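K.L.:
Below is the structure I would like to discuss, written out as structure tokens.
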Amino acid sequence: MSDMNLTLHIWRQAKGTAAGAMKTYQVKGISEHASFLEMLDVLNEQLQEKGEEPVAFDSDCREGICGMCSLVINGRPHGPDAGTTTCQLHMRRFKNGDEIYVEPFRAGAFPVVRDLCVDRKAFDDIVAAGGYVTANVGSAPDANAVPIPKEQADRAFDAAACIGCGACVAACPNSSAMLFTAAKVAHLAHLPQGQPERLRRVKAMVTAMDAAGFGNCSNHYECEAACPKGISKDYIALMNRDYAKSVFVAKDAKAGSDGAG
Amino acid sequence: MNLDARIPSGPIAEKWNRAKFELKLVNPANKRKYSVIVVGSGLAGGAAAATLAELGYNVACFCFQDTPRRAHSIAAQGGINAAKNYQNDGDSIHRLFYDTVKGGDFRAREANVHRLAEVSVDIIDQCVAQGVPFAREYGGTLANRSFGGAQVSRTFYARGQTGQQLLIGVYQALARQIAAGKVTMFNRTEMLDVVTVDGRAAGIVVRDLVTGKIESHSAHAVILATGGYGNVFYLSTNAMGSNVTATYRAYKRGAAFANPCYTQIHPTCIPVSGDYQSKLTLMSESLRNDGRIWVPKKAEDVAKASKDPASIPDEDRDYYLERKYPSYGNLSPRDIASRAAKEACDDGRGVGPGGRGVYLDFRDAIKRDSQAKIAEKYGNLFDMYARITGENPYRQPMRIYPAVHYTMGGLWVDYHLQSTIPGMFVLGEANFSDHGANRLGASALMQGLADGYFIISYTLGHYLAGINAATGKVGTDHPEFKRVEADVKGRVDKLMSIGAKGKRTVDSFHKALGNIMWEKCGMARTKEGLTEALKAIPALREEFWQDVKVLGERETFNQSLEKAGRVADFLEFAELMCQDALEREESCGGHFRTEYQEAGEAKRDDDRFCHVAAWEYQGEDKKPVRHVEPLTFETVKLATRSYK
């Protein structure tokens with residue numbers, strides 16, 4: 001139960017168009033009960049007291065569900081603990097005297113906004129391309145009208161648990177967004193409500209994913225290892241199957257959606 | 001100030017139907033001629049933006065996060081109530097209505113609550129149609145569980161992540177409208193002011209958080225769905241970015257703020273562990289089904305109990321909720337359980353660091369049902385607890401303490417959800433309307449989606465039908481926009497110029513304010529304490545405007561500047577909260593005035609306070625005026641809540 005002193009190497013970059021560099025800071029008196037982001041809060045207070053601008057980083061809910069926090073910590077998106085977002089990583093995982101390297105999620109499709117913050121709007125574009133069920137308010141039948149077997153609903157939930165943080169992209173040597181996209185495809189493919197648009201959806205989403213500049217999957221599965229929510233790589237196989245089908249079947253998919261997966 | 005709630009006439013169960021028929025419509029071809037601003041992208045705002053766009057209106061939607069999918073609705077765990085009666089256990093719209101009015105300690109407007117209960121059933125249908133993966137039974141039908149304040153199982157849920165799944169449904173509907181070009185989305189954009197022209201809402205002034213540019217947007221109507229103000233306490237279960245700025249700025253431009261003192265303190269949160277702490281984490285209410293809450297009977301046992309809780313024999317433990325409220329026991333309502341925990345700690349019997357904690361013990365449940373059974377029910381919560389505290393809750397009891405969780409107060413709205421500024425509507429937690437002085441579990445999600453999916457489309461249409469599409473929208477080149485923009489810029493400049501020389505960080509001021517509010521306007525309030533707070537807050541505010549440190553530049557991505565603006569508003573709003581708490585000389589729901597109690601229980605004063613307090617801003621350093629909207633209970637009989 002002793003406080004820690006740490007050496008931090010942190011990526012600093014004034015804005016998207018500026019050059020960035022790693023900078024070294026000493027931070028003192030960190031409690032083992034603090035979260036990683038609270039440790040950065042302490043650093044920022046110390047920096048400001050010295051007249052230095054604080055390190056910019058994203059976070060909001062700080063309970064592992066909003067997906068806003070990011071960071072590559074010692075080379076791993078969301079740090080060393082499996083199934084844990086950065087905001088839920090705690091300092092008891094580290095020890096006094098440790099050196100910690102902190103960088104943004106790096107990918108061509110996630111440009112740096114400042115320091116450790118990146119722009120993940122490309123994910124919004126993928127969902128907007130087709131990651132929904134077309135169901136206007138007012139048109140819904142009774143919720144129990146279509147029974148959905150529990151196992152199927154559970155599988156849909158497992159895929160829908162994705163928080164859209166982008167760790168999968170940051171972990172991938174190709175900066176591929178296959179796991180993210182496949183999670184949404186699988187969520188809706190497991191439900192009867194998702195069937196009418198199933199092939200049109202996968203085709204449009206894969207096209208948008210390619211257009212945003214994400215790379216291809218070459219089966220490293222780093223994405224699955226980095227995912228804080230345990231999204232299974234198996235969904236990528238499902239997406240690829242559906243995509244292959246869509247190329248032959250979905251003739252009416254949106255214009256310009258002929259990209260390769 | 002006109003506080004006409006515009007409640008439709010007729011019997012309570014027919015009011016909404018009648019309103020739907022009487023409200024004017026906008027012809028489908030004309031809808032595209034109208035534009036609407038929606039601030040906030042959570043369950044209320046996101047649902048409103050998507051639904052209005054589906055109808056054909058042109059929507060501009062704003063959120064301060066990097067994508068609309070991160071709004072704080074996402075963090076809701078437990079579930080969403082709806083009067084479906086799928087369990088055949090006697091539920092009905094009337095029962096949900098009744099439970100909500102009673103749970104709110106008779107401080108909500110009956111007509112609004114009844115409408116909420118009516119549309120609750122449609123919400124579940126809509127969410128399922130969108131692909132929300134609610135929990136199901138093996139036969140394929142929807143599963144339910146029960147929550148506090150109800151005797152039926154009407155809560156729909158998606159594991160412990162109901163808010164997330166509902167918000168993803170909203171986000172997907174919103175994304176579809178963004179792709180269709182009907183919603184223009186502004187991410188990382190914060191609303192800093194409202195513009196009114198000739199007394200009507202004409203638009204907003206925002207700051208692009210990436211470039212720092214101040215810009216104006218105009219529309220035929222403005223919808224605020226910007227959530228609650230729990231972060232006035234600094235430590236709360238709210239997200240880091242949750243703030244009062246949008247609603248407070250609207251208040252300063254003429255919107256009445258109703259019942260700001262109504263805040264909900266949730267009894268089961270992980271206690272504060274140090275002064276570095278940035279937020280508090282909720283442990284779901286459902287844990288109280290199996291966990292037993294206790295502290296040592298004797299203060300001298302505290303050290304021993306903190307070190308090794310198992311060493312305290314049963315006869316030396318005080319299971320205080322079971323002792324004081326034998327019929328509800330550990331499942332007593334939130335406000336009551338919270339106050340009892342505070343009392344035990346004030347009595348010197350709190351456990352853990354700083355003595356601000358009580359035990360939530362699963363020893364007996366594990367002995368009775370096996371560890372595997374308990375893990376199956378609460379595994380994810382136990383894991384989260386272990387991750388945050390480093391303690392194993394299967395071996396030793398959880399330490400919990402109450403924390404600020406939700407705010408029932410908000411901008412005053414009428415039955416149409418319109419504020420006292422015509423053309424400005426307020427949805428979700430940002431308004432005050434449905435929960436009275438205490439919100440029941442699983443009702444926040446219900447209200448957000450009710451407002452966004454099912455109510456605003458009718459009432460906004462009625463408003464727009466009375467406005468000329470061509471002449472009813474003022475351009476952002478209007479002098480009033482320029483004036484408000486100049487105000488906003490002036491304020492940002494002031495923060496930056498003080499900030500360059502200031503010595504004390506924004507967080508340090510925020511923490512100091514949080515301390516005042518928690519001590520003086522938290523779980524138990526007194527005239528004396530509130531009076532002290534009303535002196536301490538202006539002093540702190542003055543210091544803030546002389547010594548706050550904000551580094552960096554104005555026209556960049558500057559998180560210190562963002563926070564400084566929010567904390568500056570909290571520093572003013574806190575005073576309004578304390579004023580409201582001081583003048584409400586009764587105890588009701590989450591508002592507990594120590595002077596007004598009977599045998600330790602909250603004592604309402606229906607003769608003097610059966611009303612909504614709506615505050616009207618009067619200008620810098622002037623006391624706001626307290627207006628009153630009387631509440632009449634025609635359907636549910638006024639009664640004292642008892643849980644003994």
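K.L.:
Multiplying the sequence separation of A:Val249 and A:Ser139 by 0.36 nm and subtracting their Cα-Cα distance, what value in nm do you get?
P.N.:
Stretched fully, the A:Val249-A:Ser139 segment lengthens by 36.9 nm.
K.L.:
For peptide B:384-395, compute the average count of partner chain beta-carbon atoms within 10 Å of each residue's beta-carbon.
P.N.:
Counting other chains' Cβ atoms within 10 Å and averaging over B:384-395 gives 2.
K.L.:
Moving to a separate point now. If R0 is 56 Å, what FRET efficiency do you get for B:Tyr394 and B:Thr531 from their C-beta distance, rounded to 0.05?
P.N.:
E between B:Tyr394 and B:Thr531, to the nearest 0.05, is 0.75.
K.L.:
Mind checking the stretch B:326-415 for trypsin sites (Lys or Arg not before Pro) that DSSP puts in a loop (not H, G, I, E or B) and that have at most 16 other Cβ atoms within 10 Å?
P.N.:
Filter output for the stretch B:326-415: B:Arg395.
K.L.:
Let me ask you something else. Using a 10 angstrom cutoff on alpha carbons, build the Gaussian network for chain A and name the most mobile of A:Val249, A:Val102, A:Val137.
P.N.:
Judging by the Gaussian network model, the answer is A:Val137.
K.L.:
Also, I was wondering about something else. Mean residue ellipticity at 222 nm from the helices of the protein assembly as shown, using -39,500 (n - 2.57) per DSSP H segment of n ≥ 4 over the full residue count, to the nearest 500 deg cm²/dmol?
P.N.:
About -11000 deg cm²/dmol.
K.L.:
Let me ask you something else. Net charge around A:Gly16, counting only other residues with Cβ within less than 12 Å of its Cβ (Lys, Arg = +1; Asp, Glu = -1)?
P.N.:
The answer is 0.
K.L.:
Please work out whether the stretch B:482-630 counts as rounded, prolate or oblate from its C-alpha gyration tensor, where a ≥ b ≥ c are the square roots of the eigenvalues and a/c under 1.5 means rounded, while otherwise a/b larger than b/c means prolate and anything else oblate?
P.N.:
prolate
K.L.:
Something else now. When a/c is below 1.5 the answer is rounded, else prolate if a/b is larger than b/c, else oblate, so apply that to the protein assembly as shown with a ≥ b ≥ c taken from the square roots of the Cα gyration tensor eigenvalues.
P.N.:
Rounded.
K.L.:
What residue among A:Val133, A:Val113, A:Val185 has the largest mean-square fluctuation in a Gaussian network model of chain A, using Cα springs under 10 Å?
P.N.:
A:Val133
K.L.:
To the nearest 10 degrees, how steeply does helix A:178-189 sit against the main Cα axis of chain A, on a 0 to 90 scale?
P.N.:
So the helix axis and the longest Cα principal axis differ by about 40 degrees.
K.L.:
Related question: If chain B were replaced by its equivalent ellipsoid, with semi-axes equal to the square roots of 5 times the Cα gyration tensor eigenvalues, what would those be, largest first, whole Å?
P.N.:
Sorted largest first and rounded, they come to 38, 30, 24 Å.
K.L.:
Next question. May I ask which residue of B:Ser286, B:Thr389, B:Val272 lies farthest towards the positive end of the charge dipole of the stretch B:266-405, with charges of +1 (Lys, Arg) and -1 (Asp, Glu) on Cβ and the Cα centre as origin?
P.N.:
The listed residue farthest towards the positive side: B:Ser286.
K.L.:
Still on this structure, I have one more. Inside 10 Å of the C-beta atoms of A:157-165, what's the mean count of C-beta atoms belonging to other chains?
P.N.:
5
K.L.:
With a cap of 14 neighbouring Cβ atoms within 10 Å, and only residues DSSP puts in a loop, list the trypsin sites (Lys or Arg not before Pro) found in the stretch B:1-34.
P.N.:
Counting only loop positions with at most 14 other Cβ atoms within 10 Å, the trypsin sites (Lys or Arg not before Pro) in the stretch B:1-34 are B:Arg6, B:Lys24, B:Arg32.
K.L.:
Here's another thing I want to ask about it. Please give me the summed charge of the neighbours of B:Ser92: other residues whose Cβ is under 12 Å from its Cβ, Lys and Arg +1, Asp and Glu -1.
P.N.:
Every neighbour counted, the sum reads -1.
K.L.:
Now for a separate question. Principal axis lengths of the stretch B:266-405 from Cα atoms, whole Å, largest first?
P.N.:
Cα spread of the stretch B:266-405 along its principal axes, largest to smallest: 37, 36, 29 Å.
K.L.:
Of the candidates A:Asp115, A:Asp98, A:Asp234, which one comes out as most mobile in a Gaussian network treatment of chain A with C-alpha springs shorter than 10 Å?
P.N.:
Checking each option, the largest mean-square fluctuation is seen for A:Asp98.
K.L.:
If you put +1 on each Lys and Arg Cβ and -1 on each Asp and Glu Cβ, how big is the dipole of the protein assembly as shown around its Cα centre, in Debye rounded to 20?
P.N.:
Charge dipole, the protein assembly as shown, about its Cα centre: 1140 debye, nearest 20.
K.L.:
Please give the average number of partner chain Cβ atoms lying within 10 Å of the Cβ of each residue in A:32-39, rounded to a whole number.
P.N.:
Whole-number average of other-chain Cβ neighbours for A:32-39 is 4.
K.L.:
Please give me, ordered by residue number, the chymotrypsin sites (Phe, Trp or Tyr not before Pro) of the stretch B:306-386 that lie in loop per DSSP and have at most 12 other Cβ atoms within 10 Å.
P.N.:
none
K.L.:
Dividing the convex hull volume of the Cα atoms of chain A by its residue count, what figure in Å³ per residue is obtained?
P.N.:
Spread over its residues, the Cα hull of chain A gives 151 Å³ apiece.
K.L.:
What translational diffusion coefficient, to the nearest whole µm²/s, does the stretch A:27-165 have by Stokes-Einstein, given a Kirkwood radius computed over alpha-carbon pairs, a temperature of 10 °C and 1.306 mPa s viscosity?
P.N.:
89 µm²/s
K.L.:
Along the charge dipole of the protein assembly as shown, Cβ charges K/R +1 and D/E -1, which of A:Pro147, A:Trp11, B:Tyr617 sits furthest on the positive end?
P.N.:
A:Pro147
K.L.:
Next question. Which value, in debye to the nearest 20, gives the size of the charge dipole of the stretch B:503-644 about its Cα centre, when Lys and Arg are +1 and Asp and Glu are -1 at the Cβ?
P.N.:
In total the dipole reaches around 380 debye.
K.L.:
Quote the convex hull volume per residue of the stretch A:120-249, based on C-alpha atoms, as a whole number of Å³.
P.N.:
In the stretch A:120-249, the Cα hull volume divided by residue count equals 109 Å³.
K.L.:
Right, next: For the stretch B:1-147, list log₁₀ I(q)/I(0) at each q in 0.10, 0.14, 0.21 Å⁻¹, using the Debye formula over Cα point scatterers of equal strength and ignoring solvent, two decimals each.
P.N.:
Log10 I(q)/I(0), no solvent term: -0.49, -0.97, -1.42.
K.L.:
Output the 0 to 90 degree angle, nearest 10, between the alpha-carbon long axis of helix A:234-249 and the longest principal axis computed from the alpha carbons of chain A.
P.N.:
Helix A:234-249 sits at roughly 40 degrees to that axis.
K.L.:
Counting Lys and Arg as +1 and Asp and Glu as -1, what is the net charge of the other residues whose Cβ lies under 14 Å from the Cβ of B:Leu52?
P.N.:
+3
K.L.:
Now, a different point. Rg and Dmax of the stretch B:89-225, using alpha carbons, in Å: what are they?
P.N.:
19.9, 59
K.L.:
Can you tell me how the stretch B:309-351 classifies by the Cα gyration tensor, rounded, prolate or oblate, using a/c under 1.5 as the rounded cut?
P.N.:
It is oblate, given that a/c is not under 1.5 and a/b is not larger than b/c.
K.L.:
Right, here's the next one. Taking a 25 Å limit on the Cα-Cα distance, which of the listed pairs B:Lys252/B:Lys637; B:Lys24/B:Lys637; B:Lys279/B:Lys549; A:Lys121/A:Lys150 fall beyond it?
P.N.:
Listed pairs above 25 Å: B:Lys252/B:Lys637; B:Lys24/B:Lys637; A:Lys121/A:Lys150.
Computed from the coordinates by the stated procedures, all read-outs in this text should not be read as laboratory data. Just so you know, these numbers come straight off a predicted model, no measurement behind them. Counting neighbours? That spans all protein chains shown, and the Cβs are built from the backbone with ideal geometry, glycine included.
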